[in-house]
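Chemist: Got a structure here, written out as structure tokens. Questions coming.
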Amino acid sequence: YGITACGKLLNKWKPDISRTCTFCGQDETHYHIIYSCPLVSDIWQCLSNNIHINLSLYHIAFGIQNERNLNNIVSQIAYSIHKYWIIRTNEHLIASKKDLKYLIYHDLMFKSKVVKILQEDDLSDLLVSGAQWINGMILNT
């Protein structure tokens, strides 16, 4: 813990850095970045509704028992959220929920192609399904 460059942590070392989220104004903590910010919470809520499991931060961090394939998708989504959150201030990639979903979609599609090259067809198909699900969210935004 404490390794993500979140506003609340950075503000302790450098007071001129805001401790609040640039998207919603709440304290920017690790929990907030990955799970509770309105920018990402609807992704988790929509996934929860589709898989009929109330995803918590625990599930995202440690997985869902006996759900290997689903855990792969959840991990990839969490990784993409974290990656784009870290680079957001320098690259200005994320201006809206739709932007974040678009970037996650492309991450999943890219990873599915890499996995296909490695001849892991089941995982590739799963990543494509996850990407298509995210794409559906983009179209409904």
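Since every read-out is calculated from the coordinates, none of them should be taken as a lab result. Quantities reported herein were computed from a predicted structural model and do not represent experimental measurements. We place every Cβ from the backbone using ideal geometry, glycine too, and count neighbours over all the protein chains shown.
Chemist: What residues have an amide H closer than 5 Å to that of Thr20, excluding those fewer than 5 places away on the same chain, when H is modeled at 1.01 Å from N in the peptide plane?
Modeler: Result for Thr20 returns Glu28.
Chemist: I would also like to ask the following. Note down the nm distance, to one decimal, between modelled labels 7 Å out along Cα→Cβ at Lys116 and at Cys24.
Modeler: 3.5 nm
Chemist: Once amide H atoms are placed 1.01 Å from N in the peptide plane, what residues at a sequence separation of 5 or more from Leu55, or on another chain, have their amide H within under 5 Å of its amide H?
Modeler: Counting only residues 5 or more places away or on other chains, the set is Ser48.
Chemist: When averaged across all projection directions, what area in nm² does the alpha-carbon convex hull of the stretch 1-65 cover?
Modeler: Projected over every direction and averaged, the Cα hull of the stretch 1-65 covers 4.7 nm².
Chemist: State, to one decimal in nm, how far the label point of Glu67 lies from the label point of Lys12, with both points 7 Å from Cα in the Cβ direction.
Modeler: 3.2 nm
Chemist: In sequence order, what are the phi-derived ³J(HN,Hα) couplings for the stretch 36-50 according to the Karplus relation 6.51 cos²θ - 1.76 cosθ + 1.60 with θ = phi - 60°, rounded to whole Hz, with x for glycine and proline?
Modeler: 9, 4, x, 5, 10, 4, 6, 5, 5, 5, 5, 4, 4, 5, 6
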